[in-house]
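Scroll down for the structure; my scribbles are underneath it.
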Amino acid sequence: MKVNRYLRVFCAVALTLALVISFIGFTSSPASSAPSRSKTVTLASSQNPRTLDPHNWNDVGTETTLKMMWESLIYTDRTGSGEYIPMLAESWDIAPDGMSWTFYLRRGVFWQNGDPFNADDVVYSFNRVDERRNELVYLIQYLASYDSVEKLDEYTVKLNFKEPTPMAGNGLRAFYVIPKNAHEEFGDDLFSLQMCPGTGPWKIVEWVTGSHSQFVKNENYWNKANFDSYFDEVFIRYVTDSNAGVMGHLAGDIDVYAPSGGINVDLLPMYAGTENRIELIQQETTQSSWITFQFKDNSIWNDFNVRRAFSMAIDRQLIIDALLGGAGNIPRGYFFRGVIGYDPTLEPYEYNPELARQLLAASAYDGRYLEIMANPNLMRAEDVLLAISDMVNSVGFNIGIRIVETTVFNERRANSDFDLFGMQASFIDGIPHRQYNLILNDTDNTNFVDEEINELVREFNREMSVARRAEIAVAVNRLLTEKLAPHVLLAHYVNTYARNYGIVCGQGRSLFYPDGTFNFAYADWDPSRLP
């Protein structure tokens with residue numbers, strides 16, 4: 001009888017405990033009841049940074065790492081809207097003539113070493129780059145018309161330009177400010193010794209080139225009211241081998257896999273069966289591939305019919321479907337959705353091999369052997385160029401291909417030592433600034449000159465009205481498309497990235513931008529996004 005009495009007491013206690021546990025679980029907040037996860041997140045890309053010097057970069061891998069700890073006066077959503085968002089500057093004025101920008105700086109911001117941020121840091125940063133223009137590439141690449149900087153007071157600076165520069169925001173959005181006192185004390189060791197005491201949300205622990213970068217949370221981040229990451233630690237892994245990147249993600253060593261150009265489409269089937277934990281995201285991008293012609297005096301590409309025959313001989317849809325896994329679209333002109341100047345009324349590039357054969361037969365082409373050069377950065381470079389070679393040769397061309405290392409590729413481009421070359425690139429921020437410079441300044445050394453296009457580009461660069469700039473960009477797009485010079489486009493890419501459910505970008509933004517760059521600096525955790 002005692003045993004039964006003890007059993008009844010045990011059951012009553014057990015039932016009471018179960019009810020209490022159930023009640024606690026029912027009344028807990030969504031955050032506390034959601035599955036917990038580590039306070040460390042690992043993000044993987046394919047491009048290793050070249051430097052931690054925020055004034056000496058021009059590549060996606062370096063920028064992705066730099067903006068973890070460095071910040072600029074303004075930033076952008078990178079969608080081609082032309083709108084800019086306050087960062088270290090609370091507001092700014094642009095002079096009516098476009099010759100200067102005045103920035104009103106944010107107060108209460110501190111460098112990670114404890115020093116206060118103010119106008120002296122901004123002035124020092126611009127003077128550093130201006131004095132070392134031949135060494136530090138940022139001004140030449142993105143702010144070539146910069147002239148001088150003035151300190152108006154402790155929290156106001158004025159930037160002056162040599163000519164009207166209404167598009168200066170395109171360069172300023174990633175001109176990172178450095179701390180004057182720290183750089184005066186340590187010089188460039190501030191970067192080479194990986195101190196990097198920026199104003200950003202993360203502090204660097206180490207960068208191991210070719211392997212990873214490690215960061216810990218900046219607990220004194222000035223913008224914590226808007227962004228205070230769930231994570232205490234971030235690793236960015238640099239994985240150049242696509243198969244290793246996917247395998248690392250499947251094994252749980254990587255939380256987000258975002259290689260430049262997207263995940264190799266041949267590897268996407270490896271994610272089958274992971275739909276309950278990994279989300280594949282397709283991103284229509286502002287990235288494209290193209291073939292560039294050489295226009296020396298004796299070049300056959302000076303004949304429009306030869307260029308037209310070459311373009312019409314290419315079955316772009318077949319290349320996209322068979323070689324790019326369907327991850328792309330046939331471009332409608334030189335610009336595309338998300339880029340200023342996109343014109344949806346333009347027809348896609350035409351495929352018409354019979355007309356191509358007729359055009360070539362009636363042209364100046366004399367059957368000479370020509371070669372398409374590319375480096376391995378072009379997606380599926382050898383396969384794509386071999387397909388193009390077969391297509392154009394079938395209508396009467398005599399064209400071969402050559403894949404060369406990047407250093408050789410750049411050297412030959414610099415010396416105009418090419419017949420044609422293939423490459424891919426992106427419209428950063430959705431603004432055709434770099435592509436316009438390719439034409440206006442012939443930075444690809446194609447020897448292509450068209451004064452009608454050049455004058456429109458000059459007008460675009462100095463025009464203050466956003467609406468008028470868009471009109472000019474549409475006109476440039478049409479001319480470049482009609483003339484098939486200095487490039488013909490091949491494909492407009494749709495990239496695929498992969499992330500674990502729950503990994504998000506803070507402030508309601510995206511981890512993956514249309515221009516092929518990444519916003520790892522605001523990596524966060526949202527359990528409501530779990531499947």
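Compute and list, largest first, the equivalent-ellipsoid semi-axes of the chain from the alpha carbon gyration tensor, each √(5λ) rounded to a whole angstrom.
47, 33, 20
Per the helix-only calculation at 222 nm, which mean residue ellipticity applies to the chain, given -39500 (n - 2.57) for every DSSP H run of n ≥ 4 and division by its residues, nearest 500 deg cm²/dmol?
Calculated from helices alone, the mean residue ellipticity at 222 nm is -9000 deg cm²/dmol.
Below 19 Å, Cα to Cα, which lysines can Lys67 reach? Residues fewer than 8 away in the same chain don't count.
In chain and number order, the partners are Lys180, Lys203, Lys217, Lys224.
Across the range 470-518, what fraction of all alpha-carbon pairs, as a whole percent, falls in each successive 5 Å bin from zero upward?
4, 14, 16, 14, 14, 11, 10, 9, 6, 1
Let me spell out the model: positive unit charges on the Cβ of Lys and Arg, negative unit charges on the Cβ of Asp and Glu, origin at the Cα centre of the range 409-496. What dipole size does that give, in debye rounded to 20?
Here the size comes out at about 280 debye.
Could you give the size of the charge dipole of the range 287-493 about its Cα centre, using +1 on the Cβ of each K and R and -1 on the Cβ of each D and E, expressed in debye and rounded to the nearest 20?
Using only the charged Cβ atoms, the result is roughly 280 debye.
Obtain the nm distance between the two label points defined at Glu347 and Arg128 by a simple spin-label model: each point lies 7 Å from its Cα along the Cα-to-C-beta direction.
That separation, rounded to one decimal, is 5.4 nm.
Defining a contact as two alpha carbons under 8 Å apart and six or more residues distant in sequence, what relative contact order in percent does the range 287-493 show?
37 percent.
Relative contact order of the range 138-186: what whole-number percent is it, with Cα pairs under 8 angstrom and at least 6 residues apart?
Contact order relative to length: 31 percent.
What do you get for GluC sites (Glu not before Pro) in the range 267-349 restricted to DSSP loop and a cutoff of at most 15 other Cβ within 10 Å of the site's Cβ?
Glu275
Quick check for me: using +1 on Lys/Arg Cβ and -1 on Asp/Glu Cβ, what's the dipole size of the chain about its Cα centre, in debye to the nearest 20?
Value, rounded to 20: 2040 debye.
Which of the lysines could a cross-linker bridge to Lys296, judged by Cα under 30 Å and excluding same-chain residues fewer than eight apart?
Once the sequence-local lysines are set aside, what remains near Lys296 is Lys483.
Can you give the translational diffusion coefficient of the range 70-183 in µm²/s, computed by Stokes-Einstein from the Kirkwood radius over Cα pairs at 4 °C and 1.567 mPa s?
Taking Rh from Cα pairs, D becomes 91 µm²/s.
Note down the Stokes-Einstein diffusion coefficient of the range 287-493 in µm²/s, whole number, using a Kirkwood radius over alpha carbon pairs, 4 °C, and 1.567 mPa s.
Stokes-Einstein gives a translational diffusion coefficient of 75 µm²/s.
Of the options Thr286, Leu267, Ser311, report the single residue whose Cα projects farthest towards the positive end of the charge dipole of the range 265-343 (beta-carbon charges: Lys, Arg +1; Asp, Glu -1).
Towards the positive end, the residue furthest out is Ser311.
With no solvent and one point on each alpha carbon, what is the Debye value of log10 I(q)/I(0) for the range 141-292 at q = 0.08 Å⁻¹?
With no solvent term, the Cα-only Debye profile gives -0.40.
Using a basic spin-label model with each label point 7 Å from the Cα along Cα→Cβ, how many nm lie between Ser36 and Val208?
Label at Ser36, label at Val208, 2.8 nm between them.
Values quoted throughout were computed directly from the atomic coordinates according to the rules given, and no laboratory measurement underlies them. None of these values were measured; they are calculated from a predicted model. Using ideal geometry, Cβ is built from the backbone for each residue, glycine included, and neighbour counts are taken over all protein chains shown.
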